[in-house]
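*Asks:* Below is one structure. I have some questions about it.
All of the numbers you see were taken from the coordinates with simple rules; none came from a lab. Here the structure is a predicted model, which means the values were calculated and not measured. Please note: Cβ atoms are built from the backbone with ideal geometry, for glycine as well, and neighbour counts cover all protein chains shown.
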Amino acid sequence: MPRALGDLEDAVMTRVWEWNRPVTVREVLEDLQKERSIAYTTVMTVLDNLHQKGWVRREAEGRAYRYEAVSTRAAYSAALMNEAWSASDNPAAALVAFFGMMSPEQRQALWDAVRMVQSDLPREPAAPAAPAEGTGRAEEPAPPEGTREGTREEIPEERGGEAAEGAGGEPGANPADKGR
């Protein structure tokens, strides 16, 4: 599991991730020097350390190296969140507290991510339907309770004309339905 990057490591990796291409020490140095006074050898050491830690791969180009990110910033962030969540003695309470700290935009992004993951999950095979009484034909299975006909989209509870948003914006109420 990755440890959080230090401030300078994060500043260097931010550039590597944003540029999304192999970079040289000189390129990173020149960009960092817009914000702070820093030596070439410091940036070279940081990139070498990031290589040894497995954050970047490098390829020789003449007498220098070009460095490229091994994974994305999103994967790094996800690994840090998973580490923090896994370390909790009460993961459910940790998630509720985390959701409560989120802005409406973050909760919407979470909701969108949950829907993407759910759509990737294999559906459980439906049990064969019994023939409808007197017809000899199978009835269409009813959609799961609390969902819209023909979809797995949840029907939000109504509260004063607005869609209910679960405690802390929990998945289960769709914030996108607000104000419809």
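*Asks:* Points 7 angstrom from Cα along the Cβ direction at Thr14 and Phe98: gap in nanometres?
*Replies:* Between Thr14 and Phe98, the label points sit 2.3 nm apart.
*Asks:* Okay, moving on. Say a paramagnetic label sat at a point 7 Å from the Cα of Val70, along Cα to Cβ; which residues of the stretch 3-40 have their backbone N under 20 Å from it?
*Replies:* Under 20 Å, as judged by backbone N against the label point of Val70, lie 3-25 of the stretch 3-40.
*Asks:* How long are the three semi-axes of the equivalent ellipsoid of the stretch 54-103, in whole Å, if each is the root of 5 times an eigenvalue of the C-alpha gyration tensor, listed from largest down?
*Replies:* On the way: eigenvalues 275, 25, 6 Å².
Calculated on Cα positions only, the semi-axes equal 37, 11, 5 Å.
*Asks:* What Kirkwood hydrodynamic radius, in Å, does the stretch 42-127 give when the mean of 1/r is taken over all pairs of distinct Cα atoms and then inverted? Mind showing how you got there, number by number?
*Replies:* Details: mean 1/r = 0.0598 Å⁻¹.
Mean inverse Cα-Cα distance, inverted, gives 16.7 Å.
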